[in-house]
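**Student:** What follows is a single structure, and I will ask about it in a moment.
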Amino acid sequence: MKTTTLLLAATMAAFTAGPVLAADAEHAMDVQQQQSAMNMFGGPVYMGEPALDVTAALVKAGGGAEKFSFATALVAMLGEDTVNAEVVKLTKQYGEGEVNTFLSGMDAAIGFGLKRATEAGISLPEPADLSGTELAKTLVNAGTAPDSTFWSGYLFDKALSNKLHNQVMADINAKASYEADKVTHKILNQAMYDVAQALGMKDVKLADLH
C-alpha cells in the first residue's frame, strides 16, 4: 500500500509539474529565438522594455522633439571640435553624400520614432539626468550587444522598442530608400564605435557593417 501511495503521489506530482515545465520550456524557447533573431542590418534583436528616459535625454540634447537635430545632439554630448573632427574623418571614409544621408537619416529616425510612439499611445517620460559624455557613454552602452559589438539596430531597439524600430525603418525605406536606411545604420555603427574609443571604452567592437 505504501508503495502504491508513493507511486500515485509521484504521478500526481508529474501531472502537476507538467504545465510548469512546459511553460518554462516555452519561455526558454522564446529567449533563445530572441537571442538568435537578427535585425535587418545586422546584430541581435533586443525585445525588452525600451529606455525611454534615455531617448528623452537624447531628444533634449538635440533641441527637442519639434526641431531635433542629431548633429546638435552630438555637439551637446562631445563638443564642437570633436564632432567636426569626426565629420571630417567620416567624410574621408564614406564621402560627403553618405555622411549627409546619415545625418538626415538620424533626424528622420527620431522624427518617425516619436510619431510612431505617439500613435501607439506612448509618451516620453522626463529625460534621464544625463548630458555630455555621460549621455554619449549611455548610448554606446545601450547599443552594445552581449558580444561587446555596437549595433545601430540594437540601440534603436532599446531607444524605441523593436516593434517601433521596425516601423520606423519601413517609414524611412518608403520616404527615402532601403539604401539610405542601410547607410544610416552603417555610419552610425562606425561613428558610435569611434565615440566609444575616444571615451576610453576600448572593449567595444566595430560591427561588420561599417
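The values are calculated or read from the model by the stated rules, or taken from the named source; none is laboratory data. Please read all numbers here as calculations on a predicted model, not as lab measurements. Neighbour counts run over all protein chains shown; Cβ positions are idealised from the backbone, glycine included. Just the protein is used for accessible areas: all its heavy atoms, side chains included, with ligands, DNA and RNA removed. Shrake-Rupley method; radii C 1.70, N 1.55, O 1.52, S 1.80 Å.
**Student:** If you project the alpha carbons of the stretch 44-119 onto the principal axes, what extent comes out on each, in Å, largest first?
**Tutor:** 38, 25, 22
**Student:** Quickly work out the M47-to-K67 label distance, labels modelled 7 Å from Cα along the C-beta direction, and quote it in nm with one decimal.
**Tutor:** 4.2
**Student:** Just want to confirm a number: the relative contact order over the stretch 79-177, from Cα pairs under 8 angstrom separated by 6+ residues, in percent.
**Tutor:** This gives 25 percent for the stretch 79-177.
**Student:** Sorting check: for 56-66, 82-92, which peptide has the highest mean count of neighbouring beta carbons within 10 Å, and how do the rest follow?
**Tutor:** In decreasing order of mean packing, 56-66, 82-92 become 56-66, 82-92.
**Student:** Give me the 1.4 Å probe accessible area per residue for the stretch 126-210, excluding ligands and nucleic acids, in Å².
**Tutor:** Accessible surface, normalised per residue, equals 44 Å².
**Student:** Could you give the length gained on full extension between I122 and M38, defined as 0.36 nm per residue of separation minus the Cα-Cα distance, in nm?
**Tutor:** 27.7 nm
**Student:** Using a simple spin-label model with points 7 Å from Cα along the Cα→Cβ vector, what separation in nm is obtained for E134 and V88?
**Tutor:** 3.1
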